[in-house]
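Remarks on the structure that follows.
Each reported figure results from applying straightforward, stated rules to the coordinates on display, with no laboratory input. What you see is a predicted model, and the numbers here were worked out from it, not measured in a lab. When we count neighbours, we look across all protein chains shown, and the Cβ atoms used for this are built from the backbone with ideal geometry, even at glycine.
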Amino acid sequence: MNARTIRKAFYKSIPVMAGYIVLGTGFGILMRNAGYGVLWTAAMSLFMFAGSMQFVGVGLITGGASVLTTAITTFMVNARHLFYSISMIEKYKDAGPYKPYMIFALTDETYSLLCDGTTPEGVDPDLYRFLVSLFNHSYWVAGSIIGSLLGAVLPFPTTGIEFSMTALFVAAFTEQWLTTKDHVPVLTGLICTLLCLIVFGRERFLIPAMLLITLVLTVLRRREEGRL
Amino acid sequence: MMHSAVLIATMSIVTILTRFLPFVVFRKETPGYISYLGRVLPPAIIAMLVVYCLKDITPAAYPFGIPELIAVVCVAAVQVWKRNSLISILSGTVIYMVLIQMVF
């Protein structure tokens, strides 16, 4: 059963592999150019494991930002993780010893792989989720180290490979659409986010979008209950 | 360098706190409202992440977001056809790379 769980978890994590190794490499190169060696880079990828925040973080450490500014910026950039955690409370409920690590490693990509709550037949669900998180984390750390050590020397033109992350979310979106009858939540997310993108602009629409989505879904629940 | 280490520790701690906070607040029992959110938020957030990834497209200027549009349609179509995210992600990414390296 464990061998099957490992195999299934690895298979599930493959779509994240290319994107994480490439983006991690980009992060390693950025750190190297900023004068930080492989230990700094590996430490950030190991202990933060937050893609976009690490890129922002390079700017903060090279600019010598204050601790308070850094704390606030981190919270603003990572606020979406609150929403990921809220929707995984029930799914991670019985994960026991795996749970702290699974919460620590809940990135956008791991979330998109695990948020539908399903696991393959015949696997230990908690070990499976733990391993998917661990595989993804290892790709990220490996990419960062590659970038830090090898710099810009890559054997083929990788322009556009970062699209694999977009593709990951589009595939999750499509699969979600095919497997559920109730399309109200997904359309709520789509419409609210587009609306906030138009109103707030591409630099600062994410937090308003999350608040609006939560508000609309809350109102919809009231309506749903009123009908029952 | 000492200051850099302090900042990295700060970022790490705040990131961990953000991820753990909801689990700590609702550790005893999950209120009905939170389990409702746990059910409806994932699809909504996936939609949000799709938009977030495509936010830098410029529909009014070359290449008008055409490579992204083609690749997104490809991923969705292959997903409907094969129901296998590995194949759909791989084909969409390869098409996108070919489009922006050789066509656009």
Listed residues A:E162, A:E90, A:E203, most fluctuating in chain A (Gaussian network, C-alpha, under 10 Å):
A:E203
Local net charge near A:F130, Cβ-Cβ under 10 Å (Lys/Arg +1, Asp/Glu -1)
0
How do A:V186, A:V170, B:V75, B:V103 rank when sorted from fewest to most other Cβ atoms within 10 Å of their own Cβ?
B:V103, A:V186, A:V170, B:V75
Net charge over other residues, Cβ less than 14 angstrom from the Cβ of A:L206 (K, R count +1; D, E count -1)
+1
Helix axis angle, A:67-78 relative to chain A longest principal axis, alpha carbon, degrees
50 degrees
Could you tell me the relative contact order of chain A? Use alpha-carbon pairs under 8 Å, at least six residues apart, and round to a whole percent.
35 percent
Counting sequence-distant residues (5 or more places) and residues on other chains, those with an amide H built under 5 Å from that of A:V123 are none
Per 0.36 nm of contour for each residue apart, how much would the distance between A:L215 and A:A34 grow if the chain were fully extended, relative to their Cα-Cα spacing?
61.0 nm
In chain A, once you exclude exposed trypsin sites (Lys or Arg not before Pro) (DSSP loop, at most 16 other Cβ within 10 angstrom), what's the longest stretch remaining?
A:1-92
Multiply the residue separation of A:T179 and A:L134 by 0.36 nm, subtract the distance between their alpha-carbon atoms, and state the gained length in nm to one decimal.
13.5 nm
Once the dipole of chain B is set up from charges on Cβ (+1 Lys and Arg, -1 Asp and Glu), the residue from the list B:L86, B:M1, B:G38 lying farthest towards its positive end is B:G38
Set Lys and Arg Cβ to +1 and Asp and Glu Cβ to -1, take the dipole of chain B about its Cα centre, and tell me which of B:V103, B:S12, B:L69 lies farthest positive.
B:S12
How much net charge surrounds A:E90 when only other residues with a Cβ under 14 Å from its Cβ are counted (Lys, Arg +1; Asp, Glu -1)?
+3
If you put +1 on each Lys and Arg Cβ and -1 on each Asp and Glu Cβ, how big is the dipole of region A:99-228 around its Cα centre, in Debye rounded to 20?
480 debye
Working from Cα positions, state the angle (0 to 90°, nearest 10) between the long axis of helix A:206-227 and the longest principal axis of chain A.
20 degrees
If the chain between A:E224 and A:L195 were fully stretched, how many nm would it gain, using 0.36 nm times the residue separation less the Cα-Cα distance?
8.1 nm
To the nearest 20 Debye, how big is the dipole of region B:4-81 about its Cα centre, given +1 on the beta carbon of each Lys and Arg and -1 on that of each Asp and Glu?
340 debye
Estimated 222 nm signal from helices in chain A, with DSSP H stretches of n ≥ 4 weighted -39500 (n - 2.57), rounded to 500
-24500 deg cm²/dmol
Would you mind checking B:K28/B:K55; A:K8/A:K93; A:K12/A:K181 for any pair whose Cα atoms are more than 27 angstrom apart?
B:K28/B:K55
To the nearest 20 Debye, how big is the dipole of the protein assembly as shown about its Cα centre, given +1 on the beta carbon of each Lys and Arg and -1 on that of each Asp and Glu?
420 debye
Hey, rough spin-label estimate for A:I207 and B:W81, points 7 angstrom out along Cα→Cβ, what's it come to in nanometres?
4.3 nm
